Every structure is written in C-alpha cells, then in structure tokens.
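Written out below as structure tokens is the structure these notes cover.
The values are calculated or read from the model by the stated rules, or taken from the named source; none is laboratory data. In this text, all values refer to a predicted model and were calculated from it rather than measured experimentally. Neighbour counts run over all protein chains shown; Cβ positions are idealised from the backbone, glycine included. The accessibility values were calculated without ligands, DNA or RNA, using every heavy atom of the protein model including side chains. Shrake-Rupley method; radii C 1.70, N 1.55, O 1.52, S 1.80 Å.
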Protein chains: 4
Amino acid sequence: MDHLPSTESRKSDHIRINLEEDVRSALTTGLERFFFIHEALPEVNLEEIDLHLELFGKTLNAPILISSMTGGTEKAGLINQRLAEAAQATGIAMGVGSQRVALENPQAGASFQIRQFAPDILLFANIGAVQLNYGYAVEHCQRAVDMIQADALILHLNSLQEAIQPEGDTRFAGLLGKIEQVCKQVSVPVIAKEVGWGISERTARMLVDAGVSAIDVAGAGGTSWSQVEMYRIQDERRARIAAAFRNWGIPTAYSIQMVKKVAPHVPIIASGGLKTGVDIAKCIALGACMGGMAGQFLKAATQSTEAVIELIEETREEIRITMFGVGAANLKALSSTPLIEY
Amino acid sequence: MDHLPSTESRKSDHIRINLEEDVRSALTTGLERFFFIHEALPEVNLEEIDLHLELFGKTLNAPILISSMTGGTEKAGLINQRLAEAAQATGIAMGVGSQRVALENPQAGASFQIRQFAPDILLFANIGAVQLNYGYAVEHCQRAVDMIQADALILHLNSLQEAIQPEGDTRFAGLLGKIEQVCKQVSVPVIAKEVGWGISERTARMLVDAGVSAIDVAGAGGTSWSQVEMYRIQDERRARIAAAFRNWGIPTAYSIQMVKKVAPHVPIIASGGLKTGVDIAKCIALGACMGGMAGQFLKAATQSTEAVIELIEETREEIRITMFGVGAANLKALSSTPLIEY
Amino acid sequence: MDHLPSTESRKSDHIRINLEEDVRSALTTGLERFFFIHEALPEVNLEEIDLHLELFGKTLNAPILISSMTGGTEKAGLINQRLAEAAQATGIAMGVGSQRVALENPQAGASFQIRQFAPDILLFANIGAVQLNYGYAVEHCQRAVDMIQADALILHLNSLQEAIQPEGDTRFAGLLGKIEQVCKQVSVPVIAKEVGWGISERTARMLVDAGVSAIDVAGAGGTSWSQVEMYRIQDERRARIAAAFRNWGIPTAYSIQMVKKVAPHVPIIASGGLKTGVDIAKCIALGACMGGMAGQFLKAATQSTEAVIELIEETREEIRITMFGVGAANLKALSSTPLIEY
Amino acid sequence: MDHLPSTESRKSDHIRINLEEDVRSALTTGLERFFFIHEALPEVNLEEIDLHLELFGKTLNAPILISSMTGGTEKAGLINQRLAEAAQATGIAMGVGSQRVALENPQAGASFQIRQFAPDILLFANIGAVQLNYGYAVEHCQRAVDMIQADALILHLNSLQEAIQPEGDTRFAGLLGKIEQVCKQVSVPVIAKEVGWGISERTARMLVDAGVSAIDVAGAGGTSWSQVEMYRIQDERRARIAAAFRNWGIPTAYSIQMVKKVAPHVPIIASGGLKTGVDIAKCIALGACMGGMAGQFLKAATQSTEAVIELIEETREEIRITMFGVGAANLKALSSTPLIEY
Ligand SMILES: Cc1cc2nc3c(=O)[nH]c(=O)nc-3n(C[C@H](O)[C@H](O)[C@H](O)COP(=O)(O)O)c2cc1C
Ligand SMILES: Cc1cc2nc3c(=O)[nH]c(=O)nc-3n(C[C@H](O)[C@H](O)[C@H](O)COP(=O)(O)O)c2cc1C
Ligand SMILES: Cc1cc2nc3c(=O)[nH]c(=O)nc-3n(C[C@H](O)[C@H](O)[C@H](O)COP(=O)(O)O)c2cc1C
Ligand SMILES: Cc1cc2nc3c(=O)[nH]c(=O)nc-3n(C[C@H](O)[C@H](O)[C@H](O)COP(=O)(O)O)c2cc1C
C-alpha cells in the first residue's frame, strides 16, 4: 500500500488522513444485524473463561490482532514500537504495514524492527501481492519475513486502492500463479488479506487452491481506502471518482460467511470496521478465529503504549463477557454459538 | 442484585440512576412489530370484560405485576410501602427487590415488611440465584420467603450485570443443580427471572427441567442494567465495556415466544420495557399470563401511593380497552387472540 | 358518534379539533407500499376514460365519496349544504354525519336537510350501530333514512371511540342480531362502516352474514378518533389512555384486502387516510369500488362550495390520469390492474 | 415532448426548470439495493479492460449515452453542439431532443444540425410516438432521421407527461399499430423509449412484437417530468395534480429486469437517475447494454464542451474501475457478473 516515488510522504499522508478525516465506508459491517442469544444460565464461571488460541505454532492470550498498518517513517516507527510493546505485554498478535519501502530503501527498515520490543508475539510481515507483477519474487517476500523474524507473511490485495490512486499498480493479471509460488517457497505460512473491501467466495476458493494458509477478509464497514485516497487526491475529477466507491465492497459479516462456506477449514481472520469485543465475538461465531482492528489501534498508539494496552484489555474483557453472556467456556464453544437476526 | 460491602449505598445509587439517567436498552421490546387485528364488532360489553386471573392460589384483579425492585434502605422502605398499598388497593401482584441485604443485616429487614400494607396480594420474595454459589442454601431462600410471607420465591438471574460490576459475583457454574434443590425444598413455588436480557429456549428448558413453577422473561427493550452500571462505574475503561452491551439481550416479545415454544404449560410473566396496557395485552396474546413493569412504577412511587394507584388503573383500563377492541371477554380469550406483523 | 347531553357542543368540538389539531393515526394506510406498474403504451385516449359506476341503482360520475361527517348545529348545516351542492354539481356520492342528534331533537334536523341542494346524488343516512343496544329500533333507522330521503343507511361501528370517551356507549354485546334485523326491515340497503380502525376478515364475515349490502372499511392511517378524543378529554389520565391507542387499527390497504378475501362480491368502500386520486385508484385495484375522504373535504367545506368542487375535480382528474398511466379504460379494468410492492 | 403553439418558449422553460428546480422523482432507481461482489483477485490489468461495444453497426468507446434532450432554440443549438463535440471526442453515443419543432418549423432545424460536429458517433433521431396519432406518418419519421443523418430513430413514449400538461396530446389509442408501420418502413432501426417512468413487461412485449430494435427503459428515480410540468403549470389545482405523481413509475433497476425477462435478446438501454459509472455498470449487470444520462449532461453542457468531456471520462473511468473491482475484462463479462442484495 505504498508507492514510489516519495513513499514516505504518502505514508505520512495516510496516517494523517486516517487520524483527521472521516474515512469510514458508507456501508456497515453487517454485524449490527446479528445478535447473540443471551443465556441467563451460563453454567460457567467468568474467571475460568478461556480466550487462548493457537495459530501457526504460537499461543495467543486473546483472539485479537493489531492489523497491519505502518512503517517506513520515524513517526511510523514509534507507532510500531508502541503497538509491539502492547502486543507483547498482553500476548496478542500483530502485523506491520507494507514493507516495500524498507525493501527498496534499507534505511527505512528501522521502523519495522519491532522484534526487540515483542520477542514472543505472533508477528506478520506484509507486502502488497501486486508487487509480484512489478518485479518482486519469492526472494523479496523472504526478505520481508526475515527483516522482522515474522511468523507468517501477509500478502495484501488492494486492487481498488491501486485503481483509484493516480499512479497505482493496477496490473493484476496472472497474480494468482505468483501467489502460489510464494506459498510454496517462502519459509512461513502465507495469509491473503484484503484492505477493506472483503473476500468473495470465488476469490477465497482461488486463494485456498493457491495454497494460502489463512485469509483475512478485511471487509467493508470500517476504514475505506477509496475515501482515504479521496482526501489525498488533488484533482477534483479523480476525487469524485474515488467518492463513487464509498459504498463498495463486501461487508465484513457477509465476507466471513462467504469464505467459511467455501473454505471451512482454513483459519479466517476478521477485520474491517470492528469496534468492540462484542463485534470480534460475533465474527468468531460467524466462522473467524480472531478479529483485527486497525484505525482504533492507530489512534491509541499516537498516545502511548499504555493506551494501546488499555484498548486491548478492554476489548478482551468485552469478548470474555460476551462469552459469559452466552455460556461459552472457550473459543471453540463460541465458534459454534448461534447468532440470530430479529 | 446487591453486593457487599456497602450494599446500601449501591442500592441508593441504583434508584437514583434509574430515576435520573437514560438507562434504556438500545434495543426495543419487539412488541412494536406486532399488531392486534381490530374487531369492529366486539360483541361484548366493555364493563363486563373480565381481567381476573388465578396464580399460585390467589386471585388477581388484573394481569399486572409491580416487578421486583427495591428494599434495604429507608427510602426503599417508603417506596415498597407505597407500591404495596397500591397493589392491595387494586388487587394486583408485587415483588420486592433482592432480600440479600436483609438476610445479612437483619436491621435492613424493616424495608421489606410490606405484608402489613398488603395482606391479600400475591407477593414475591426475591434473591439472586447466583448467591447459591456463594454460600446460600435452601435455608436462606426459606428465610426470604418467611420474612415477607411471600406466595412465591423469585430467583433472579443477572449474569451480565454481575460481569459488568467491578466486583460482581460471576461464578455461575453448577447453578442449575442448586436451583433444582431450592425448587424441591422451599415451601412455595419458585419463579426464575432475568433482569432485562431475556430467557432463551435453552435456558427455559433447563429451568423447567429443574422444577421452576413460572418464568419471568424480563427481556431486553426497557431498563438495561449494563447502562445502570455504566453510570455507576468510575473507571472510564470499564464504563466503555458496559456501554458495549447496550444492545445485548433477547427482546421481550421474542423471549416470550421462545419460552412459550419449549414450555407451553408453564406460566410466563412478561417484563422488560412494557410501557402501556396495550403492551401487556400483546404479551398475553404472545403467551404470557401477566405483565410486569419496574421503572415506571418506581417513578410513580417516588410521588405517592395515589400516583401508583393511578398508573395501575390507567394500565388496567388500557388492557380492558384493548380486549374490547379485539372482542376478548376474558384473559383466556385474549391469550388466543392473533397478532399480525404488517 | 355523538352523545347526550350537550351533543351540540361535542359536535363543535369534533369539528374544531379536526381542523386545528394533528389527529392523524400513527399508522400509515399501507397504500404507500403498493405501486402501479406504469404502462407506457396505454392504448387508450385520456378523454375517453370512463369513471362512471353504478351503486344502489344510482349512477356516479366518479368513484368518490364525501364520507359521513357532520350535522346538528348551524355551522354543521352550512358545511353539509356546501358538501351537498358540490356533490350534486359533480355527480358523486355523499354521507351525512350521525343523525342521532336530529332523532332526539327534531330542531337539529334542519342541518341534515340537504336533498334540496342535491336532489340526484347517492346519499347515505348515518347512525351509530351501538344505539341499537341503547333503545333504538328499526323504526329509528327508518326515520333517519326518511329524514334525508337517503339511498342507503350507514350503520357506523366505533367501539374504540366509545371506549375512550368518558361516558361512551360501550355495550356492544348482541349487536349483530340487531344489525341483522335492520338489514331485513329497513327500506334501503345497509352499509356497515368503521370510523378509522378498519374491518377485519372475521367482522366482515359476520356483517355479510347479517345481511349488509356494502362495507366501508374506514381503516387506519388517516383521522384517528382516539386522537380526536384525546384532545377533548380534560382528565390527564384518560388522555394518556387515549394516546396509547394512536397506532391502533387495521391500515386501510390491508383492511380492503381482508374484506375482499372473505366477501369478494360485496361492494367495498375504501376510506381512512386517502389523500389523492392515486390513493383511491390503488384502493380500487385492491378491491374497493370507490374511495371516501372526510378530513380533506371538511377543510374545503369551511371555505366554500367551489373549494369542495375543486377538490372533487382535482381528485377525479388524478384518478383518470392514474387509469391512463396503467391503460385502464374504465373502473372494471382498473379493478383488475395489478399492484406491486418493490 | 414539445407542443404547439409556442414550442420554443416551452423548450426554454424545460431547460430552465431542469437546471434550477428539484425535479427528481420521489422514487429511487432501485440500483442502491444492488451490490457488486468485490473480487479481490481480478486477474486482469486495469489498462486492458475493454469498454467497447457495437450497436447498430457502429463501435462505441464506452457504454455511455447522452440521452435525448433538446433542440429548437438557439440556446438548445449550443447545448447540442457541445454535447456532440464531446461525444465525438470520446466516441460515445448521443440522442437529440424531440425534432417535432424542426419538422413543423424548418428554421428550428439548425439547432439539430450536429453531424458537422460529430461525424462518426452513433446518433439517435427523436420523435414523440403519440404524434403518429396526430397526423404524423412514416414520412415525418424519415425526415427526422434524414435531418441529422441519424443511425436510429427513437420514438419516445411520454403518456403521463402529456396527461399532466394542460393541452397535452393524450390520444394514445391505436398507437401500437402505427409504431409497427414505422418499424417496417423507416430506413433505420427504431428504439422505443420512455422519458422517466419505465417500461413494463407487458409494454416491452408489445413493443418487441411491433418490431422495435431496442428499448430505452428511462425508468423512475431521476428526472421526473410530472415535477418539471408542476413547476411550469400556473394553475394551482393542476400543479397539485402533477405533484400527486411524484412517486409514479417503475424504478430503473426493476424496469431493466422486467424488459430483460420478456425480451432477453433485444438491446436494452438503461436511463433514468443514473448518477455514476458504477450505476451504469450495475445496469449492464442487470441486462442493459449501455446507460444514458440526461440531467447531468445538461448541466455540464451549459458550461463547455470540455466539461462534458470531463464528465464522460469520469464516468468511463468509474465503469472501468467497477469492472476491475469485479474482474470483468469486457462488457460481455460484466453483463454476466452477479449482483447481490444484502
Ligand atoms: C493507517 C492504516 C494503514 C494501513 N496499512 C495497511 C498496510 O500497509 N497493509 C495492509 O495489509 N493493510 C493496511 N491497512 C488496512 C488494515 O490492516 C485493515 O485491513 C483495514 O483498515 C480494516 O480495519 P479497520 O476498519 O479496523 O480500520 C491499513 C489501515 C490503516 C488504518
Ligand atoms: C430500580 C430497579 C431495581 C431492580 N431490582 C431488581 C431486583 O432486586 N431483583 C430483580 O429480580 N429485578 C430487579 N429489577 C428488574 C426488574 O424487576 C425488571 O425485570 C426489569 O427492570 C425490566 O423492567 P422495566 O423495563 O419495566 O424497567 C430492578 C429494576 C429496577 C428499575
Ligand atoms: C369531523 C369528522 C366527523 C365524522 N363523523 C362521522 C360520523 O358521524 N359518522 C361516521 O360514520 N363517520 C364519521 N367520521 C369518520 C369518517 O367518515 C371516515 O370514516 C374517517 O374519518 C376516515 O376518513 P379520513 O381519514 O379521510 O378523515 C367523521 C370524520 C370526521 C373527520
Ligand atoms: C431537459 C430534458 C429534456 C428532455 N427531452 C427529451 C426529449 O425530447 N425526448 C426524449 O425522448 N427524452 C427527453 N428527456 C428524457 C431523457 O432522455 C431521459 O430519458 C430521462 O430524463 C431520464 O434521465 P435522467 O434521470 O438522467 O435525467 C429529456 C430530459 C431532460 C432532462
């Protein structure tokens, strides 16, 4: 999600716009239509509710992910550090933003060096899949992984963002075969991820056939990258084009259901517009294994590591109380808890 | 719904917050989606419409219940007195608030002594079911019943409220077996009751198997105890957690239908967000035998006994006119009157 | 819809409140959910579209009825005169308000003497059906008919209005048998009519079995008589009771469908919240033979005969253009035109 | 859509009202209920997406039509020139407004002479079908075609507009047979077109049987001609009649589906309320071959040729990005792309 030249100024723009403007999709996540059925007799003790999960050989204390966001500038480095410290303190997973800037300019790599602050966490490297059509090979992916000692590699799919950017990388033909190569040859599992428009049944099937180990739906209903780009674009005409896509995409709730349908055994990460632990719990009941948030963590990280920790703990507590409310003693039980539409 | 230490100050907080803040659930009761079919030819005389019902060996003049609310402080005692005088004057049923405070501090018992003001009414004792996991036994339940010469004992289920309170009693494992013991051994029928999040099919089945004699659904759509606690909590983070549950729970209308489905012969008490006699009549048409209101009666009781009597009469008149509107001569007829969703 | 003592002051109240306050039901007519399917090739000439219909041996120029409203006071007499002159000038049907006041006080009869202004129109007498339970017999009905040389007699059913009025006539038991007697013995056809809460399937079946010749559904969505009474009632408590019924009743569109279902061959008059000729046309497509309006004509009649004529012509033109829009050359064709819900 | 006498002043009125007043239908197009399913892996390159289509022997660069609008006055001539220059520059199709004024007054013909500015475009002549009932014959149609060297002839159907205009041409009986004659004898293909109320299944079947070569649905949801006429009408009563039809018509999305159902092989042009290229793409996925816009192009044309070109390019880019978003490499692929209703 970065482009040369002047990637760094763009990165700063993205952060600033995300913090200052209303970049939300005109769509909702769809989660607001689903309700848990309260069980007044949970037959479980709140303190014994178990939020642990295993993924890619690591154990997480809660099904919460700090979604891929940033890196490449000094400010981004500080944000990454705070996010990492908080993830380490609470035992949750985290992803870094696109590492392309660091692959092309090694000096920018410092802002991604967060293993020092988070030696134990499940950590995801990140690269735009489309770069595989612009000269990147397995080797670049491996370098991104090694750079941060990542446990898995996220290949993000952001076709619409690229299409809306004035000089976006919009050659997506033949990408699937290259993703397949990366899945086969890179040293860690590969996660395919959207950035806010969701994954369809058809795309999920293609990705699973290509060998990805997990899918992050990153559905519609939260941060809208067409809106972010709209605020960046100077040209009025192109800004209107961006605006025309404000209600584009598959809402997160429906995307989870779509992917679950065609790939019932592949771990699904839910993200896109999740606001509370109740939302994350709904995603798990719909078929996800954990939930990621981006925009919210960004805001907390501009304050302090403690603010991020607080947000994580608050979210974890909301998940735990939700599970108590439906009498689910662990995440496996939560994942088979029914939701209802009134 | 009380906790040591300093139960009394908490009780006062609850009353004050209920009177001053907007503590309504973000959900509606669902009753607004159901409509009676007006019958222009009722073939009945308004004055002959019969609102009597029998429950637990007593006869009520109307299917109205003053829901369990308070006790334990002087102010609560006055509220209880007024509610009791009004219930006696109009011949309706009433429940007292949780008696735990009086069981642990006999001096607080005075505020529950309302049989003197209401010798004839159907009166319900009240204890939090979860206390059975914190040292209470059948004996405590029996003492609560005897304290007020109650006709039945309400065991309330308030898991979510406990979970949201900073030091709530959240060990709900194994509770069902203990409820079963109470049902077997206490001298009066036992009513299981939620406090504003409703009873599901599964929970209803478990409760009926355990031997409860009636179920008060206390569904979502009215007073929300997560909101009440939100206003009490000092810690901002925990207040945000409480807020995340503002639209939690099973709306009253749907909870009645769920319980009716699995326990068609167990008396169902409807409560949670009922605003008028038309609402109570809808609940009866959906399967309940009577309707309870809490928040509204609290407001009236802070004024005078007469204000409570007026509210009861107004509500009774609304039920009667509703029955006239559909040509139902008695509650049995009302209970088999169809509702429609346009 | 009038009550002794002091019927005249009540009548004035009704007129005043209808003109000054918002007395609309909280419900809509349901017509807004139904749409005609535009036929771009009507294959008919607008000027040749035929709006005539026959009812009770008279021919009407348009399927429009000035619904029963008033009489009994001098002001009401003037309103009736203007309505009658306009009905005569345009060839449509009209009903007078309840004639009880004139039956009990012959002096009040003058305000109903409108045959002089409308010698040719289809004219409906009007009496509250419930009066048959309060001493009225066939003889009174016949006197009401004769008083205005009516072509048919409307027996209005207004149970809820009576129930909400402080001293309403609320003995509705055994009414059906008496309606049957009137149908058998009075010299003109009898029309059963609600006053704003609609006719159900069950009521329609009973009325048809009793021998009524037509049914005016007078459904919910327009003037709400509980609201009118609410504004009249001094007692705050009773006013709140009235307010509880603001969304009571069967919306006009659904009531037409209900009556049509059980009585496909009985003429149905649609009224209750009709605003334009498009609404009337929708009612005809749903199964009615004509549409009545009350509130709107009242407003026009307080101005002048011309204002009433203008409203009629405007409404007729809207019906005609609607028929042109769907290619219906006459009312029979309109009545089999499909409606759609998007 | 023009009437003698004083057609020119009416034409100016139409333009002025369309530019200054809110003449939108109270209905929406229905397109807002349909969503594309985002495909995160489009497997296509944005720059290679092909927007060409063939119609009536000409090739268009994009499935965009400047809908029939104007002609007859000097100002209209300038608007037509700008629209034509822009259509030529971008390679899209265009229609002129009704040519009746030029048939009856040869001097007015100049404003339609746009072949000089657009020698290569697909160009549509335009006449009101109802004129065939007012003296027009095949010969007049042929003259309209020849006047502008049109590639096809649009016969527009505007029954409701005629009915609402004070002296509208409202004899529509027998029109179908005459349309059939024109289809047989005129030298170019004939397109039947509404002007904002849509084409039904029944009408589509009749038109196809009569031999039309394409149908422009011109559905509800955009410019409402009853509203345009409402602003023109001086007489208050007739203005109210016009207002009663503000939510008349078949929304564009549903009209496309209706026509597609009965005439799957006839080219469908979508128009009526289309706002962006995303809307046009939705229409194509629903069954249309291209999308027309009127109101929006009018506004641009009052500025300059460049403004029109910009609007076309913006719209084309939105179509292209939509196709990229769903992985459709050409219009054929787009036309079989599913839409979903959440
Ligand atoms: C400031 C910011 C930067 C982001 N950068 C990336 C990125 O580099 N790579 C990526 O895969 N996703 C990126 N995302 C997308 C998020 O990971 C996530 O999928 C999406 O924003 C939905 O989350 P939200 O609605 O909780 O904000 C970014 C999001 C934000 C807010
Ligand atoms: C001030 C207050 C105190 C309450 N205390 C109790 C209680 O001690 N025990 C109980 O079972 N329910 C208690 N409730 C819950 C009510 O009995 C009832 O189930 C619920 O509030 C829904 O009623 P409402 O929406 O009409 O207020 C209380 C409610 C209020 C408003
Ligand atoms: C001022 C007024 C007086 C009415 N009086 C009578 C009446 O005496 N008898 C009757 O059958 N209906 C009466 N109605 C009811 C109307 O006939 C009609 O059924 C109802 O108001 C619905 O019409 P609307 O929504 O167009 O106002 C009256 C209505 C109004 C507005
Ligand atoms: C100013 C104006 C003039 C129009 N004149 C004609 C016309 O002469 N012939 C015709 O077939 N349609 C005419 N139309 C209708 C349009 O071609 C189109 O079908 C309809 O307006 C829907 O498009 P819109 O919602 O994008 O404005 C006119 C529309 C406008 C706005």
Q: Note down the relative contact order for segment A:52-155 as a percent, whole number, built from C-alpha pairs under 8 angstrom at least six residues apart.
A: 27
Q: Among B:Ser98, B:Leu60, B:Gln181, pick out the residue whose Cα is farthest towards the positive end of the charge dipole of segment B:7-340, where Lys and Arg carry +1 and Asp and Glu carry -1 on C-beta, about the Cα centre.
A: B:Gln181
(Q) For chain C, set up a GNM with springs between Cα atoms under 10 Å and report which of C:Gly198, C:Gly177, C:Gly77 has the largest fluctuation. (A) C:Gly177
Q.
Less than 14 Å apart at the alpha-carbon level, and either on another chain or at least 8 residues along: which aspartates and glutamates does that give for C:Lys184?
A. C:Glu139, C:Asp209
Q: Between copies, how far apart are the C:Asp50 label points? List them in nm, one decimal, shortest first, with each point 7 Å from Cα toward Cβ, please?
A: 5.8, 5.8, 8.2
Q | Residue pairs, from the table D:Lys193/D:Lys261; B:Lys261/B:Lys299; B:Lys275/B:Lys299; B:Lys58/B:Lys193, whose Cα atoms sit over 24 Å apart | A | B:Lys261/B:Lys299
Q. With springs only between Cα atoms under 10 Å, which of B:Glu310, B:Glu201, B:Glu43 fluctuates most in a Gaussian network model of chain B?
A. B:Glu43
Q) Which distances, shortest first and in nm, link B:Arg237 to the matching position in the other copies, using label points set 7 Å out along Cα to C-beta? A) 5.2, 5.2, 7.4
Q) Name the residues of segment C:300-342 whose accessible area falls by at least 30 Å² when all protein chains are present instead of the chain alone, probe 1.4 Å? A) C:Glu310, C:Glu314, C:Glu317, C:Glu318, C:Ile321, C:Phe324, C:Tyr342
Q: Pop the C-beta distance of C:Lys58 and A:Tyr342 into the FRET formula with R0 = 56 Å and round what comes out to the nearest 0.05.
A: 0.60
**Q.** Paired Rg and Dmax values of segment B:181-311, which use every Cα atom, in angstrom
**A.** 16.2, 46
(Q) Straight-line reach from A:Lys282: which aspartates and glutamates fall under 14 Å, measuring Cα to Cα and dropping same-chain residues less than 8 apart? (A) A:Glu32, A:Glu318, A:Glu341
Q: State log₁₀ I(q)/I(0) for the protein assembly as shown at q = 0.04, 0.08 Å⁻¹ as given by the Debye formula over alpha-carbon point scatterers of equal weight, solvent excluded.
A: -0.32, -1.13
Q. Which whole-Hz ³J(HN,Hα) couplings does segment C:148-153 yield from phi under the Karplus relation 6.51 cos²θ - 1.76 cosθ + 1.60, θ = phi - 60°, glycine and proline marked x?
A. 10, 6, 6, 8, 7, 10
Q: Working from Cα positions, state the angle (0 to 90°, nearest 10) between the long axis of helix C:305-326 and the longest principal axis of chain C.
A: 40
Q: Tell me the distances, shortest first, between A:Gly177 and the same position across the other copies, using label points 7 Å along Cα→Cβ, in nm to one decimal.
A: 6.5, 6.5, 9.2
Q: Return the long-range amide H neighbours of D:Ala152 (sequence gap of 5 or more, or a different chain), with a cut-off of under 5 Å between placed amide H atoms.
A: D:Leu123, D:Ala125
Q) So how exposed is D:Arg100, as accessible area in Å² (1.4 Å probe, rounded to 10)? A) 30
Q | Where B meets A: accessible area buried, both sides, 1.4 Å probe, Å² | A | 2800
Q) Are there residues in segment C:145-165 whose accessible area shrinks by at least 40 Å² when all protein chains are included rather than the chain by itself, and which are they (probe 1.4 Å, ligands and nucleic acids not counted)? A) C:Ser159, C:Ala163
Q: Once you have a ≥ b ≥ c as the square roots of the Cα gyration tensor eigenvalues for segment B:1-159, tell me rounded if a/c is under 1.5, and otherwise prolate or oblate according to whether a/b is larger than b/c.
A: prolate
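Across peptide B:237-250, what mean number of C-beta atoms from other chains lies inside 10 Å of a residue's C-beta? Intermediate values should be presented prior to the final figure.
On the way: counts 5, 2, 0, 7, 11, 2, 2, 11, 7, 1, 3, 7, 6, 8.
So the per-residue partner count for this stretch is 5.
Ratio of Rg to Rh for segment B:72-137, alpha carbon only, Kirkwood? Don't jump to the answer; show the numbers that get you there.
On the way: Rg = 12.6 Å, Rh = 12.4 Å.
Rounded to two decimals, Rg over Rh is 1.01.
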Q | Under Karplus coefficients 6.51, -1.76 and 1.60, residue-wise ³J(HN,Hα) of segment B:53-62 in Hz, glycine/proline x | A | 8, 10, 8, 6, x, 10, 9, 10, 7, 6
Q.
Explain nothing, just compute: Karplus ³J(HN,Hα) = 6.51 cos²θ - 1.76 cosθ + 1.60, θ = phi - 60°, for every residue of segment A:199-210 in order, whole Hz, x for Gly and Pro.
A. 10, 8, 4, 4, 5, 4, 4, 4, 5, 5, 4, 7
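Hey, with R₀ at 51 Å, roughly what FRET efficiency would C:Asn330 and A:Ala239 work out to, going by the Cβ-Cβ distance, to 0.05?
Numbers: r = 56 Å, r/R0 = 1.09.
Using R0 = 51 Å, I get an efficiency of 0.35.
Could you look at segment C:68-161 and say what percent of its accessible area is carbon and sulfur, using a 1.4 Å probe and all protein chains? Could the numbers behind the result be given before it?
Working: 1330 of 2750 Å².
It is 49 percent, rounded to a whole number.
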Q) What relative contact order, as a whole-number percentage, does segment A:7-340 give when Cα pairs under 8 Å and 6 or more residues apart are counted? A) 24
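By its C-alpha gyration tensor, with a ≥ b ≥ c as the square roots of the eigenvalues, how is segment D:246-342 shaped: rounded for a/c under 1.5, else prolate for a/b larger than b/c, else oblate? Walk me through the numbers before you get to the answer.
Details: a/c = 2.06, a/b = 1.27, b/c = 1.62.
Oblate, because a/c is 1.5 or more while a/b does not exceed b/c.
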(Q) When only alpha-carbon atoms are used, what values of Rg and Dmax, in angstrom, describe segment C:100-171? (A) 13.2, 40
Q: Please report, in Å, the Rg and the Dmax of segment A:85-229, where both are computed over Cα atoms only.
A: 14.9, 42
Q. Counting only the heavy atoms of the protein chains, how much of C:Asp146 is accessible to a 1.4 Å probe, in Å² to the nearest 10?
A. 90
Q) Taking the simple approach of a point 7 Å from Cα along Cα-to-Cβ for both D:Val138 and D:Asn105, what is their distance in nm? A) 3.1
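In Å, the Kirkwood hydrodynamic radius of segment B:7-340 over pairs of distinct alpha carbons?
Evaluated on segment B:7-340, it is 19.8 Å.
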Q.
Can you give me the angle between helix D:74-90 and the longest principal axis of chain D, using Cα atoms only, in degrees from 0 to 90, rounded to the nearest 10?
A. 20
Q: Could you tell me how many degrees, from 0 to 90 and to the nearest 10, lie between the Cα long axis of helix B:138-147 and the main elongation axis, the longest principal axis, of the Cα atoms of chain B?
A: 60
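Rounded to the nearest 500, what is chain B's calculated 222 nm mean residue ellipticity when only DSSP H runs of at least 4 contribute -39500 (n - 2.57) each, over all residues? Write down the numbers at each step before the final one.
Values: 14 runs with 144 residues, N = 342.
After summing the helix terms and dividing by the residues of chain B, the value is -12500 deg cm²/dmol.
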**Q.** 5 angstrom amide H check on D:Arg24, placed H, neighbours 5+ away
**A.** D:Ser224
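Averaged per residue, what accessible surface does the protein assembly as shown expose to a 1.4 Å probe, in Å²?
Working: 45480 Å² over 1368 residues.
Heavy-atom SASA per residue in the protein assembly as shown reads 33 Å².
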Q: Mind listing the long-range amide H neighbours of C:Gly249? Cut-off is under 5 Å, sequence gap 5 or more, other chains count too, H placed in the peptide plane at 1.01 Å from N.
A: B:His38
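Hey, with R₀ at 60 Å, roughly what FRET efficiency would B:Lys261 and C:His265 work out to, going by the Cβ-Cβ distance, to 0.05? The partial results should precede the final answer.
Numbers: r = 40 Å, r/R0 = 0.67.
Once the sixth-power term is evaluated, E becomes 0.90.
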